[in-house]
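A short reminder: the numbers here are calculations on the coordinates, not readings from a lab. Since the model is a prediction, treat every value here as computed from it, not as a measurement. With ideal geometry, Cβ positions are generated from the backbone for all residues, glycine too; neighbour counts draw on all protein chains shown.
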Amino acid sequence: MTHSKVIIRNLRIHGFHGVKQAEKALGQKFEVDLVCELNGKIGVHDQMDETVCYGEICDLVCAVSEADVFNLIETLADRIASAIFEKFALISALEIEIRKPNAPVRHIVDYVGIAIRRERA
């Protein structure tokens, strides 16, 4: 079987996710990377129905983030994965990384974050 990937790097979204009350009240910037594995060959016939629109994936990520407030970014990532599988039948597996560059920790870090991998059931 042939697998191709659609890759989105550093999608920046604003959300009110986190355990601390300030995170929920003020919100913060999140950075999202996605690697979506597609079944089949991309671009053989040069038609959009052979792939997925990365703009629509970005729109969906933003919509999931805006629809709810999560304590854990792990939960946000899992909800994003479920929504992507529900909307895009060509996606067979995906990896999502979510980073918090301004996390409220007292250490000097570039960011903290999580990464998940999910496969279509």
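Residues in segment 95-112 carry Karplus couplings, in order, of 10, 10, 10, 10, 10, 10, x, 10, 4, x, 10, 8, 10, 8, 9, 6, 5, 10 Hz; the curve used is 6.51 cos²θ - 1.76 cosθ + 1.60 with θ = phi - 60°, and Gly or Pro positions show x.
Rounded to the nearest 10 degrees, the angle from helix 54-67 to the longest Cα principal axis of the chain is 40 degrees. Cross-link partners of residue 29 among lysines, defined as those whose alpha carbon lies under 27 angstrom from its own and excluding same-chain residues fewer than eight positions apart: 5, 20, 87, 100. Counting beta carbons within 10 Å around each of 88, 30 and listing the fewest first gives the order 88, 30.
When the trypsin sites (Lys or Arg not before Pro) in segment 48-121 are filtered for DSSP coil states and for at most 16 other beta-carbon atoms within 10 Å of their beta-carbon, the remaining sites are 106, 120.
The mean sequence separation of alpha-carbon pairs under 8 Å and at least six residues apart, normalised by the residue count of the chain, gives a relative contact order of 27 percent. Roughly what angle does helix 73-87 make with the longest principal axis of the chain, taking Cα atoms, 0 to 90 degrees, to the nearest 10? Taking the Cα atoms of the chain, the angle to 73-87 is about 20 degrees. Given their separation in residues at 0.36 nm each and the Cα-Cα distance between them, residue 53 and residue 22 gain 7.7 nm when the chain is fully extended.
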